[in-house]
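S.K.: Okay, here's the structure, questions in a sec.
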Amino acid sequence: MKKILSLMTVAMLGTAVSAQETYDNAQLATKDLNGTARYVGMGGAMEALGADISTIGTNPAGIGMFRRSMVAGSFGFNSQQDAKSFGNANKTNMSFDQAGFVYSMRSGRHSMLNFGFNYTKSKNFDQILTAAGRLNNASQNKLSAMKNANGFYRLETQNNKLVSNSGAYSQADYLYSNVLFNNIDKAWMSEDKKDPNYGIIFNKSDNTPVYYNATGYDFGRSTTGYIGQYDFNVSGNSNDRFYWGFTVGIYDVHYNSSSLYSESLVDGGKAIGDVAMNDERKITGTGFDVKAGLIFRPAEESPFRIGLYVHTPTWYDLTTRNYTVLNNNTDKAYGSRDHDKSSESYDFKFYTPWRFGVSLGHTVGNYLALGATYEYADYTTNDIRVNDGGEVDYWGNYYETSSRDEAMKQNIKNSLKGVHTVKVGMEFKPEKNFAVRLGYNYQSAMYNKNGFKDGSLESYGTYYASTTDYTNWKDTHRFTAGVGYNYGKFSFDLAYQYSQTNGDFYPFMSYVDNSEPKFDNVCDAVKVSNKRNQLLFTVGYKF
């Protein structure tokens, strides 16, 4: 067994770069409702109304509706409601959310050519997630043991669970072609018989796998960081009826996570103490995409507008690093010290889905604006790619190649799905310089309710995984409101946003043994919720 594990480790570490896991990457593919206070206050439903700098990142044709140059900057506060304290994480944080400008120049009597740049914090990772639950004849410890013990059986996934079925496989076949042990599994499997913790997974007398059930678990994670989106735009209009725009976006990823998972173990009916898995992870990197859009008025005499837009995938080049420690606090007979530490770092590529949107906008006089937007993105098309290294072409140019992680790609298809986004908003001006805004923004669930973090995949993403938990988040509802006031060339806007997403948290995937029910390792979902409040302020100047 030790020889096999060593061979596998050499084979894995001999590959310089790798791929990441479905759930870890899914959070990088989505965007928050953020930007100027006017845009947020109207629920983001401005893709046909245009003339707001935040539309540079949704429908680029919205910048083509500017008739004057302007600059704007936004900042505010984000607060997580009902979150429990964890570590040094703060529930309320200040945020710099947007800064940009539009330079507008006339290209004809009724036509404009505009150039714009805008920075937006497209994703704010600040969040505290805590969960606790009971375990009945189950533990993270047991899952690792079952993955090892059933090396002689083929493992399959059925109905959100890992299932073992009969079928002769050698241990080597299992390790190389059926499952790769992750950092958690390795932490439980000391190969040194002199190690006092040797019995956590292997019986000292005959080297057979053993495990301990847990009565319950506690989990906490704090995440910080952001994705910065830098958009460069060229746009214009023709005769104030047809508006067009192109935007190139550059993305800057800064994700930090700190988690602690602990479970209370029992040996038979005897409580033997607890173990804790502490994990620190960072994801950094860059990406880029291209966005195109148009807005047109079907009838010359009507202000009614239709907007269409499309976004390419965001092509990310990322690096992830982790530091993971298993702290064994069981009774002395079971070993009572840090059991194992692991630290990994690797590069990979991640591609998000295409986005398609259609929007409607209408104004009544100069006192009422109404907007509605529908957007669709199919997250089953997320693509995690392994960096294969570089090649030199005929001309001596070096370029990097990559290939799809097919095993993880199938897990993406099973765990994620297409997302529908609906935005509606209105702006009412009771007097010329004062505006009141309301909006609603809805996103359907990205996660399949039967999806799970599969720790049995023949994937580098499995091998480098350092946590077993996952959450299947459901629909997101956002309610927004705002006010605005113009004073000469200056504008002052304030917006409030409340968002809520509920989800089902699992500490680890479930396992079912069809031949030996006593080896079942099933955990039930715990309900969690992410409730957020945002207060956003924007100052603008037109010239």
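S.K.: Go through region 505-528 residue by residue and tally those that are of a type outside the set (A, V, I, L, M) and buried (at least 16 other Cβ atoms within 10 Å of the Cβ).
M.R.: 11
S.K.: Report, by residue number, each residue of region 69-88 that is modelled with pLDDT under 95, in a loop (DSSP other than H, G, I, E, B) and at negative phi.
M.R.: ALA83, LYS84, SER85, PHE86, ASN88
S.K.: Sort out which residues of region 396-448 are in contact (Cβ under 8 Å) with a residue 60 or more places away in the chain, in a loop (DSSP other than H, G, I, E, B) and open to solvent by 60 Å² or more (accessible area, probe 1.4 Å), and write them in order of number.
M.R.: The one that is in contact (Cβ under 8 Å) with a residue 60 or more places away in the chain, in a loop (DSSP other than H, G, I, E, B) and open to solvent by 60 Å² or more (accessible area, probe 1.4 Å): LYS432.
S.K.: Please find, among ASN124, ASN114, the residue that is closer than 20 Å to ASN237 by Cα and in contact with a Phe, Trp or Tyr (Cβ under 7 Å, 6 or more places away or on another chain).
M.R.: Answer to the selection: ASN114.
S.K.: Among the strands (runs of 3 or more DSSP E) lying completely within region 295-375, list those that include at least 2 residues that are within 30 Å of MET426 (Cβ to Cβ) and either open to solvent by less than 10 Å² (accessible area, probe 1.4 Å) or touching a residue at least 40 places away in the same chain (Cβ under 8 Å) (or both).
M.R.: The strands (runs of 3 or more DSSP E) meeting that bar are 305-311, 355-364.
S.K.: Does ASP32 count as within 26 Å of TYR447 (Cα to Cα), in a loop (DSSP other than H, G, I, E, B) and within 22 Å of the chain's Cα centre (by Cα)?
M.R.: Yes: the conditions hold for ASP32.
S.K.: Is it fair to say SER466 is under 22 Å from the mean Cα position of the chain (by Cα) and open to solvent by less than 10 Å² (accessible area, probe 1.4 Å)?
M.R.: yes
S.K.: With the structure loaded, tell me whether ASN137 is in contact with a strand residue (DSSP E or B) (Cβ under 6 Å, 6 or more places away or on another chain), open to solvent by 50 Å² or more (accessible area, probe 1.4 Å), of a type outside the set (Gly, Ala, Ser) and over 21 Å from PHE543 (Cβ atoms) or whether it fails that test.
M.R.: Criteria met by ASN137.
S.K.: Where residues in region 233-279 are charged (D, E, K, R) and open to solvent by 60 Å² or more (accessible area, probe 1.4 Å), which of them is nearest to TRP188 (Cα to Cα)?
M.R.: Applying the filter and picking the extreme gives ASP267.
S.K.: Out of (1) open to solvent by 10 Å² or more (accessible area, probe 1.4 Å); (2) over 31 Å from the mean Cα position of the chain (by Cα), what's the single condition that is false for PHE117?
M.R.: Condition not satisfied by PHE117: (2).
S.K.: I've got another one for you. In region 203-232, which residue that is open to solvent by less than 50 Å² (accessible area, probe 1.4 Å) and outside any strand (DSSP E or B) is modelled with the highest pLDDT?
M.R.: Result: TYR212.
S.K.: Answer yes if at least one residue in region 340-356 is modelled with pLDDT under 95 and under 30 Å from ARG305 (Cα atoms), and no otherwise.
M.R.: No, there is no match, as no residue in region 340-356 is modelled with pLDDT under 95 and under 30 Å from ARG305 (Cα atoms).
S.K.: Continuing with the same structure: Restricting to region 254-308, give me the number of residues that are hydroxyl-bearing (Ser, Thr, Tyr) and in contact with a Pro (Cβ under 9 Å, 6 or more places away or on another chain).
M.R.: 1
S.K.: Turning to a different aspect of this structure: Could you give me the residue pairs with C-beta distances under 7 Å whose first residue belongs to region 516-543 and is under 15 Å from PHE75 (Cβ atoms), whose second residue is open to solvent by less than 50 Å² (accessible area, probe 1.4 Å) and part of a loop (DSSP other than H, G, I, E, B) wherever it lies, and which are 6+ apart or on separate chains?
M.R.: Going by the 7 Å Cβ cut-off, the qualifying pairs are THR538/THR36.
S.K.: Can you name the number of the only condition in (1) in contact with a Leu (Cβ under 8 Å, 6 or more places away or on another chain); (2) at pLDDT below 95 that TYR255 fails?
M.R.: (2)
S.K.: While we're looking at this one, here's another question. So ASP524 fits all but one of (1) part of a strand (DSSP E or B); (2) within 28 Å of the chain's Cα centre (by Cα); what number is the exception?
M.R.: Condition (1) is where ASP524 drops out.
S.K.: Somewhere in region 45-61, is a residue closer than 22 Å to ILE227 by Cβ, at pLDDT below 95 and not hydrophobic (A, V, I, L, M, F, W, C)?
M.R.: no
S.K.: Among the candidates ASP185, ASP240, ASP289, which residue alone is in contact with a Ser or Thr (Cβ under 9 Å, 6 or more places away or on another chain) and modelled with pLDDT of 90 or more?
M.R.: Checking each option against the conditions leaves just ASP289.
S.K.: Among all residue pairs at least 6 apart or on different chains, which show Cβ distances below 6 Å where the first residue, located in region 53-78, is within 21 Å of ARG297 (Cβ to Cβ) and the second is of a type in the set (Ser, Thr, Tyr) and not in a strand (DSSP E or B)?
M.R.: Pairs found: GLY62/THR55.
S.K.: State yes or no: is GLY461 in a strand (DSSP E or B) and open to solvent by less than 10 Å² (accessible area, probe 1.4 Å)?
M.R.: Criteria not met by GLY461.
S.K.: Quick one: would you say MET94 is in contact with a strand residue (DSSP E or B) (Cβ under 7 Å, 6 or more places away or on another chain) and open to solvent by less than 60 Å² (accessible area, probe 1.4 Å)?
M.R.: Judged against the criteria, MET94 is not a match.
The values are calculated or read from the model by the stated rules, or taken from the named source; none is laboratory data. Quick caveat: nothing in here was measured; it's all calculated off a predicted structure. Note that we place each Cβ from the backbone using ideal geometry, even for glycine, and neighbour counts take in every protein chain shown. Ligands, DNA and RNA are excluded from the accessible area calculation, which covers all protein heavy atoms including side chains. Shrake-Rupley method; radii C 1.70, N 1.55, O 1.52, S 1.80 Å.
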